[in-house]
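The values are calculated or read from the model by the stated rules, or taken from the named source; none is laboratory data. Note that this is a predicted model, so its numbers are computed, not measured. Don't worry about glycine lacking a Cβ; one is built from the backbone with ideal geometry, like all the others, and counts go over all protein chains shown.
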Amino acid sequence: ILQAAALAFYILSALFFDSFVIIFVVTVLLSALDFWVVKNVSGCILVGLRWWNEINDDGESVWKFECLDQEVRFYRYRKTCRSFSLVSRLLDFWL
């Protein structure tokens, strides 16, 4: 959805803005937001990945990573859904 918004904004923005800089910045921001959603939200929902940052008692930053158990993580429908989403995103990008 966000890729479509970025593409639509890029195509239709010439009607509203004369500045290429504004068009470029907003298009890049929409594309970056799309990347963040695909990486973080899809990673959590489809694959079961989670990560966060904690500060220990010494004041050091420690990253924690989790994933679902092997038998839960590799259900057939999740692998199929993930493969389909990756291929569809690639096709959406190139078309």
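Per-residue answers, yes or no, for (1) outside any loop (DSSP other than H, G, I, E, B); (2) modelled with pLDDT of 70 or more; (3) within 18 Å of L2 (Cα to Cα):
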{"position": "V25", "(1), (2), (3)": "yes, yes, yes"}
{"position": "A32", "(1), (2), (3)": "yes, yes, yes"}
{"position": "E54", "(1), (2), (3)": "yes, yes, no"}
{"position": "G59", "(1), (2), (3)": "no, yes, no"}
{"position": "W63", "(1), (2), (3)": "yes, yes, no"}
{"position": "C81", "(1), (2), (3)": "yes, yes, no"}
{"position": "S88", "(1), (2), (3)": "yes, yes, yes"}
{"position": "L91", "(1), (2), (3)": "yes, yes, yes"}
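Restricting attention to region 1-28, the residues that are surrounded by 13 or more Cβ atoms within 10 Å (Cβ to Cβ) and farther than 17 Å from L86 by Cβ add up to 10. Annotation: S19 fulfils all but one of (1) within 24 Å of the chain's Cα centre (by Cα); (2) not assigned by the TED database to the domain that holds R82; the unmet one is (1).
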